[in-house]
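Novice: Below is the structure I would like to discuss, written out as structure tokens.
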């Protein structure tokens, strides 16, 4: 290039200009190619992250629909247990103790843990920042609610484990009877609140446009243990159509 500058103008300057233009064009093309590759990698990562998030939210929706469907069954189980305790004399009339290949129980209830791995990964890799603002707010509200759902499930599981004592012939004085009925009614209130919260979960997912096909949610709920128990025992249940109606946040 320096040799070209020694040529008589305008030949030297023209040659240098062309050289600079070629080099600049090459650099711009390389940068454009790198930018295209980076954008493609980010889009692929976002597609993977969103697919995992949709799968996770489809599970949440199926869990919520199941809970809403079996809610009348949960209350009916508590009614039967309460009535048994109230009708017992000085000694408790033992409650039935059910079981399957996985567990034994006096009250059959959904106690699923809502996974959050896909959401945490999406936050970490920046996928959530690329979501529409309304979608991001709905999902943030949804995931923020799951800690409370977990805590209520934990309390219900603890109560259900305690109810195993009612499968034995226990002496029932007024204090013991009151304590048992109180625990049953507290569990009833938590069941009611969980039904409400699962209705709100459906609302959040509808706002985020993350609802899976209704037939998939129905098929999933029908294979869960609580649904099958309630159906086998003839307990009342909501229709799937009614269960899928959201509770506004």
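The values are calculated or read from the model by the stated rules, or taken from the named source; none is laboratory data. The shown structure was predicted, so the numbers you read here are calculated from the model rather than taken from an experiment. Cβ sites come from the backbone with ideal geometry, for glycine too, and all protein chains shown count toward neighbours.
Novice: Determine whether residue 196 is touching a helix residue (DSSP H, G or I) at 6+ places or on another chain (Cβ under 6 Å), touching a residue at least 12 places away in the same chain (Cβ under 8 Å) and either surrounded by fewer than 19 Cβ atoms within 10 Å (Cβ to Cβ) or not in a helix (DSSP H, G or I) (or both).
Specialist: On the way: touching a helix residue (DSSP H, G or I) at 6+ places or on another chain (Cβ under 6 Å): no; touching a residue at least 12 places away in the same chain (Cβ under 8 Å): yes; either surrounded by fewer than 19 Cβ atoms within 10 Å (Cβ to Cβ) or not in a helix (DSSP H, G or I) (or both): yes.
No.
Novice: Still on this structure: Name every residue in the range 160-176 that is part of a helix (DSSP H, G or I) and surrounded by fewer than 16 Cβ atoms within 10 Å (Cβ to Cβ), in order of residue number. First the steps, then the outcome.
Specialist: Of all residues in the range 160-176, those part of a helix (DSSP H, G or I) come to 160-167, 174-176.
Once the filter is applied, which keeps residues that are part of a helix (DSSP H, G or I) and surrounded by fewer than 16 Cβ atoms within 10 Å (Cβ to Cβ), the range 160-176 yields 161, 162, 164, 165, 167, 174, 175, 176.
Novice: Filter the range 119-128 down to the residues that are surrounded by fewer than 19 Cβ atoms within 10 Å (Cβ to Cβ), touching a helix residue (DSSP H, G or I) at 6+ places or on another chain (Cβ under 7 Å) and within 25 Å of residue 151 (Cα to Cα) and list them by number.
Specialist: 121
Novice: Looking at 198, 157 in this structure, which one is at pLDDT below 95 and either touching a strand residue (DSSP E or B) at 6+ places or on another chain (Cβ under 8 Å) or farther than 21 Å from residue 91 by Cα (or both)?
Specialist: Values: 198 fails: at pLDDT below 95.
Of 198, 157, the one residue that is at pLDDT below 95 and either touching a strand residue (DSSP E or B) at 6+ places or on another chain (Cβ under 8 Å) or farther than 21 Å from residue 91 by Cα (or both) is 157.
Novice: Scan the range 85-131 residue by residue and report those that are closer than 30 Å to residue 45 by Cβ and either assigned to a loop (DSSP other than H, G, I, E, B) or in contact with a strand residue (DSSP E or B) (Cβ under 9 Å, 6 or more places away or on another chain) (or both). Even if it seems obvious, please write down each step before you answer.
Specialist: Restricting attention to the range 85-131, the residues satisfying the condition of being closer than 30 Å to residue 45 by Cβ are 112-131.
Across the range 85-131, the qualifying residues are 112, 113, 114, 115, 116, 125, 126, 131.
Novice: What single numbered condition from (1) assigned to a helix (DSSP H, G or I); (2) surrounded by 17 or more Cβ atoms within 10 Å (Cβ to Cβ); (3) out of contact with any strand residue (DSSP E or B) (no Cβ under 8 Å at 6 or more places or on another chain) fails to hold for residue 212?
Specialist: The number of the failed condition is (1).
Novice: Kindly indicate whether any position in the range 214-225 is within 13 Å of residue 110 (Cβ to Cβ), touching a residue at least 40 places away in the same chain (Cβ under 8 Å) and over 16 Å from the mean Cα position of the chain (by Cα).
Specialist: Yes: one or more hits.
Novice: When you scan the range 63-92, how many residues do you find that are at pLDDT below 95 and under 17 Å from the mean Cα position of the chain (by Cα)?
Specialist: Residues in the range 63-92 being at pLDDT below 95 and under 17 Å from the mean Cα position of the chain (by Cα): 0 in total.
Novice: Can you tell me which residue in the range 231-245 is nearest to residue 60 (Cα to Cα), limited to those that are under 23 Å from the mean Cα position of the chain (by Cα) and not in a loop (DSSP other than H, G, I, E, B)?
Specialist: Quick first cut of the range 231-245, residues under 23 Å from the mean Cα position of the chain (by Cα) only: 237-245.
Next, from what is left, pick out any that are not in a loop (DSSP other than H, G, I, E, B): 240-243.
On the way: 240: 16, 241: 17, 242: 17, 243: 14 Å.
The qualifying residue nearest to residue 60 (Cα to Cα) is 243.
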